[in-house]
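One structure below.
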Amino acid sequence: MPEMTKQQFEKIAETIKDSSDEDLTFGGEPAGTRKRVYKIFCEKFADSLKTTNPNFDRGKFLKACKLRDF
């Protein structure tokens, strides 16, 4: 399988970031629950992407997902 590219990683992170504020709803759960779910989602996604390319930078990906700002 070919390695994923930086551009593909950036597009995935952009999609996640753009979805974080409006599209992700958790049935009226408190904000703290939403933040935990989003954090777990981003971290698991990053762990999975790391297996696609040895140059994948997990920290940059999480930052691009705006994980710290959510």
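Taking the criterion of being at pLDDT 80 or above and part of a helix (DSSP H, G or I), the residues of the range 1-27 that qualify are LYS6, GLN7, GLN8, PHE9, GLU10, LYS11, ILE12, ALA13, GLU14, THR15, ILE16.
Taken over the range 54-69, residues that are at pLDDT below 90 and open to solvent by less than 60 Å² (accessible area, probe 1.4 Å) amount to 3. Scanning the range 28-53 for residues that are at pLDDT 80 or above, farther than 27 Å from PRO2 by Cβ and of a type in the set (A, V, I, L, M) yields VAL37, ILE40.
The values are calculated or read from the model by the stated rules, or taken from the named source; none is laboratory data. Just so we're clear, the structure is a prediction, and the values are computed from it rather than from any experiment. Using ideal geometry, Cβ is built from the backbone for each residue, glycine included, and neighbour counts are taken over all protein chains shown. All accessible areas refer to the heavy atoms of the entire protein, side chains included, with ligands and DNA or RNA removed. Shrake-Rupley method; radii C 1.70, N 1.55, O 1.52, S 1.80 Å.
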